[in-house]
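Right, one structure below, let's go through it.
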Amino acid sequence: MYKTIVFILWCCTLSGLAYAQTPTIESVLTQVEQNNKSLKAFADYLNSQKLVLRSGNNLADLQFGAFYLPIADHTDANYTEFQFSQTIEFPTVYGARGNLIDEKVAKLELAYRSKRQEVLAQAKEFCQHLIYLQKQIAIEETRLEQAEKVFEQVKELFAKEQVGIMEMNKAKVAWLQDQFKIQELENELNTVALQLKSLNGDEPIAFASDTYENSLTVSERDSIWQEKLGLDPALLKLEQEQLIAQQSLKLAKNKVLPNITAGFNSQGIPGERFSGLYAGISIPLWSNRNKVKAAASELQFQESFKNAETFQHYADFEKQYNRYQLMKEKYEAYESTLNSLNSDQLLFKAYKSGELSFLDYFAELQFYRKAYDEMLRMQYELHISQTQLLKHQL
C-alpha cells in the first residue's frame, strides 16, 4: 500500500513538472503582464499622473501678513498688525472638481488597459507563431525521413543502372532541401522565441507547443460587438471623454459661485490691541465669463464625436468579422479536401511500387506539399486574425 501511494505521488510530481515545462498561452500572457518592462514603466507614469490630478483639488495655501509701523511722530509704542487668512472656493466646487478628477483618473486607467491589451496581443501572436513553426518543423522532419528513404532507394537503383544520374542528383537535392528547410524554420523559431523573451522582460519562457489551444469558431457578430462596447478601451475612452465633458460643465457652473475668505486679525500697540475675525467673498463677475458656454459646447462636441467614432469602429469591426468568417470558410474547405487525400503517403506508396517515376513523384509531391503548407499558413493567419478580432477579451 505504501509503495502504491509513493508511486502515485511520483507520477503526479512528474506530470506537474511536465506541465510546468510546457506553459499554456494563458500562463505565458500572465508572465508577460507581470514582467513586461514597458507595462511597468507605463504604470509608474500613470501613477504619477494620477497624483498630479489629485493635487489639483487641494486648498489654497494659508496666508499670513504683518505690519510694523515705527516711522511716525508719536509718543506711544509702535503700531503692529498681523493677520492669518484662508481662502477657499465654494464647497460644491471641490466636490465637482473631485468628480472630474475621478473621471480623468478612469481615463488614465483605460490608457493602461489599452497598452496592456496591445502587449498581450503581441505576446499571444508570438505564441501562435511558435505553434505554427513547431507544426511546420514536425512536418518537415517527416518529409526529411521520406526524402532520405527515396534518396537511398534511388542510389540503389542507380547502382543497378535502372535510373540515370539526373534522377539521383534530384533525389539528393530534394533531401538536402528538406534539411535546409528545417534549419531555416528552427532559426525563425529561435528568433520568435527571443522576441517573446524580450516582451517578457528578458525572462525566458519555455513555450514549445504545436497545438492551437482555442477553437476557430467565434460568437455571433452582435454578441462580440456588445462585448467590445463593454471591454474595448478605445470605445470606452469615447464614453469617458463624454463623462469628462459633462463633469467639466458641472464644475464650470459651480465656479460661478463666490470664493470665501476667513481669517484672524490683530492690531494695535502694546497695552491696547484689537483682535477679531476676518471674512470676505470674491464676486466672480469676469473671471468665469463664457466658461460655462465653452464647457457646454465641448460636451456637445464630445457627444457628436462619440457617435461618429462609434459608428466608424462598428464599420471596421464588421469588415474585420466578415473577412474572418470568409477566411475560415476557405480554410475549412481546404482542410477537408487535403486531409481526405492523404497525398504524401499515397504518392510514396505509388513511387515505391513503381507506378511513378522519381520525376513524376517529385513533381506531384511538390504540388501537394505546397497546398498543405498553404493550409497551415491559412490556419496560422486565422488564429492571428482571431486574436485581433477578440483582443478586447485579453
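Structure summary
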quantity	calculated
E125 vs. criteria of a type in the set (D, E), within 30 Å of L194 (Cα to Cα) and in contact (Cβ under 8 Å) with a residue 40 or more places away in the chain	yes
Qualifying residue in the range 180-193 (condition: touching a Phe, Trp or Tyr at 6+ places or on another chain (Cβ under 9 Å) and of a type in the set (G, A, S))	yes
In the range 182-216, the residues that are within 26 Å of L390 (Cα to Cα), free of Cβ contacts under 8 Å to residues at least 12 places away in the same chain and not in a helix (DSSP H, G or I)	S215
Residue count, the range 254-279 (criterion: over 26 Å from L62 (Cα atoms) and either assigned to a helix (DSSP H, G or I) or under 49 Å from the mean Cα position of the chain (by Cα) (or both))	0
Which listed residue is at pLDDT below 90 and under 30 Å from Q153 (Cα atoms), from K255, K172	K172
Of residues in the range 285-328 being open to solvent by 100 Å² or more (accessible area, probe 1.4 Å) and under 24 Å from the mean Cα position of the chain (by Cα), the one nearest to Y79 (Cα to Cα)	F311
Residue match in the range 110-132 (condition: assigned to a helix (DSSP H, G or I) and over 23 Å from N35 (Cβ atoms))	yes
Residue that is nearest to the chain's Cα centre (by Cα) [pool: residues in the range 217-228 that are in a helix (DSSP H, G or I) and free of Cβ contacts under 8 Å to residues at least 24 places away in the same chain]	Q226
Every pair of residues 6+ apart whose Cβ atoms lie under 6 Å, when the first sits in the range 300-319 and is within 10 Å of E241 (Cβ to Cβ) while the second is among the acidic types (D, E)	Q302/E241
Which listed residue, of A315, A363, A350, is assigned to a helix (DSSP H, G or I) and modelled with pLDDT of 95 or more	A315
Whichever residue in the range 100-155 is aliphatic (A, V, I, L, M) and under 15 Å from P233 (Cβ atoms) and, among such residues, is surrounded by the most Cβ atoms within 10 Å (Cβ to Cβ)	L120
The range 55-85: number of residues that are in a loop (DSSP other than H, G, I, E, B) and more than 30 Å from V105 (Cβ to Cβ)	9
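Residues checked against (1) surrounded by fewer than 16 Cβ atoms within 10 Å (Cβ to Cβ); (2) modelled with pLDDT under 90:
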{"site": "L194", "(1), (2)": "yes, no"}
{"site": "Y212", "(1), (2)": "no, yes"}
{"site": "W225", "(1), (2)": "no, no"}
{"site": "L238", "(1), (2)": "no, no"}
{"site": "Q247", "(1), (2)": "no, no"}
{"site": "T261", "(1), (2)": "no, yes"}
{"site": "N265", "(1), (2)": "yes, yes"}
{"site": "I269", "(1), (2)": "yes, yes"}
{"site": "I283", "(1), (2)": "yes, yes"}
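The values are calculated or read from the model by the stated rules, or taken from the named source; none is laboratory data. This is a predicted model, so every value here is computed, not measured. In this analysis, Cβ positions are derived from the backbone assuming ideal geometry, glycine residues included, and neighbour counts consider all displayed protein chains. Side chains are part of the model used for accessible areas, which takes the heavy atoms of the whole protein and leaves out ligands, DNA and RNA. Shrake-Rupley method; radii C 1.70, N 1.55, O 1.52, S 1.80 Å.
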